[in-house]
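First, the structure itself, so that you have it in front of you.
The values are calculated or read from the model by the stated rules, or taken from the named source; none is laboratory data. A quick note: this is a predicted structure, and the numbers were derived from the prediction, not measured. All Cβ positions, even for glycine, are placed from backbone atoms using ideal geometry, and neighbour counts span all protein chains on display. Please note that ligands, DNA and RNA were not included when accessible areas were found on the heavy atoms of the full protein model with its side chains. Shrake-Rupley method; radii C 1.70, N 1.55, O 1.52, S 1.80 Å.
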Amino acid sequence: MDRARARRSRAHHRPRPVHHHPWSPPLNAAPADQIRLLEVQALDVRLSQLAHKRRTLPEHAELDTLHADLTQLRDLLVAAQTEESDTAREQTKAEQDVDQVRQRAARDQKRLDSGAVTSPKDLENLQHEIASLAKRQSDLEDVVLEVMERRESAQERVTELTGRVESLQAKIGDATARRGAAAGEIDAEVATVTKERGVIAGTIPADLLKLYDKLREQQGGVGAARLYQRRCDGCRQELAITELNEVRAAAPDTVMRCENCRRILVRTPESGL
């Protein structure tokens, strides 16, 4: 009885055969429809290439660089304009200070020349003040000259940066126009290819086209591939002998699938069967 129980236990735990996931329900389509599916696939690949080309136009990177340079230059220009404005106010203030000292010195000199001041001490004080004002005026005039030099330097910087900004803006305009022209050419080809795809896709059975679109979304843009020289053009894997026998035995209108990548496998005269 123990031996019988042991046999039942071994039978219960014996490994079962591994079952692969079943394929989708069989689908049939005329060989000509399957060949046209390859035409649709080629057009879809072209559309993907065009979309990639549009996204990676060299003008995109060129414009990114130009806009970054323009932002930096504009910041420098604002700083230079601010400096020029600040030095302009500083110059005005310094010139006003000089004018005030000059006027005061003129009044003192007029008072001295009038003879109205007779006291020796007052005369000495007045002469001393006139001398001090002359020194003060000379110092302030030096300040004015220094500020004027800084302002002139700032103005030159503003002029230089303004020219560079205008030059960059012209380059941006040129690159934008070139990008627009290139994108326009791509868009025109996309429209042509899309129209051609619609015409061909309209002749393919809806269930076959639906399966193709689903697989194309799952398989990186390729939903159908030809069987060429016993190799799937989708995954580039050569079919095993058992798979080849299945393909050989299948009716011409049976829609085959690659065992490896699951794409629709289209038979052609170059399949090597």
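What does the charge add up to near Leu112, with Lys and Arg as +1, Asp and Glu as -1, over the other residues with Cβ less than 12 Å from its Cβ? Kindly include the intermediate steps, with their values, before the conclusion.
Numbers: positive: Arg107, Lys110, Arg111; negative: Asp108, Asp113, Asp122, Glu124, Glu129.
Taking every other residue near Leu112 into account, the sum is -2.
Same structure again: Using a Förster distance of 35 Å, how high is the FRET efficiency between Ala88 and Ala131, based on the Cβ-Cβ distance and rounded to 0.05?
That gives a FRET efficiency of 0.65.
How far apart, in nanometres, would the label points at His52 and Gln169 be if each is projected 7 angstrom from Cα along the Cα-to-Cβ direction?
3.9 nm
How much of the accessible area of the chain, in percent, comes from carbon and sulfur atoms when a 1.4 Å probe is used?
Roughly 52 percent of what the probe reaches on the chain is carbon or sulfur.
With both partners inside the chain, how many of the DSSP beta bridges are antiparallel, as a percent to the nearest 5?
Once the DSSP bridges in the chain are tallied, antiparallel ones form about 60 percent.
Give me the accessible area per residue for the chain, probe 1.4 Å, as a whole number in Å².
Here the per-residue accessible area is 66 Å².
Also, quick follow-up: For His67 paired with Glu185, estimate the spin-label separation in nm (one decimal), with each label point 7 Å from Cα along the Cα-to-Cβ line.
Placing both labels 7 Å beyond Cα along the Cβ direction yields 2.3 nm.
Average the reciprocal distances over every distinct pair of alpha-carbons in segment 57-190, invert the result, and give the Kirkwood radius in Å.
Roughly 19.7 Å, rounded to one decimal.
If you don't mind, another one. Taking the chain, how much of its Cα-Cα pair set, in percent, is spaced more than 35 angstrom apart?
Beyond 35 Å sits 62 percent of the P(r) for the chain.
Now, a different point. Give me the net charge of Pro205's neighbourhood, meaning all other residues with Cβ under 12 Å from the Cβ of Pro205; Lys, Arg count +1, Asp, Glu -1.
It works out to a net charge of -1.
Taking only C-alpha pairs under 8 Å that are 6+ residues apart, what is the relative contact order of the chain in percent? Walk me through the numbers on the way to the answer.
Values: 229 pairs, mean separation 81.3, N = 273.
Across the chain, relative contact order equals 30 percent.
Compute the length gained on full extension between Ala106 and Glu160: take 0.36 nm times their separation in residues and subtract their Cα-Cα distance, giving the result in nm to one decimal.
15.2 nm
For His67, what accessible area in Å² do you get when you roll a 1.4 Å probe over the heavy atoms of the protein chains, rounding to the nearest 10?
Approximately 90 Å² of His67 is accessible to the 1.4 Å probe.
Next up: Can you give me the solvent accessible area of Arg74 with a 1.4 Å probe, rounded to the nearest 10 Å²?
Arg74 exposes around 110 Å² with every protein chain in place.
Now for a different question. How long is the gain from Asp122 to Cys235 if the chain were fully straight, where each residue apart is worth 0.36 nm and the alpha carbon distance is subtracted? Show your work: numbers first, answer last.
Working: separation 113, 0.36 × 113 = 40.68 nm, distance 11.04 nm.
Taking 0.36 nm per residue and subtracting the Cα distance, the gain is 29.6 nm.
Compute the long axis of helix 120-201 from its Cα atoms, compare it with the longest principal axis of the Cα atoms of the chain, and write down the angle in degrees, 0 to 90, nearest 10.
Around 20 degrees separate the two axes.
Using only Cα positions of segment 133-261, each an equal point scatterer, no hydration layer, compute I(q)/I(0) via Debye at q = 0.23 Å⁻¹ and quote the log10 values to two decimals.
-1.30
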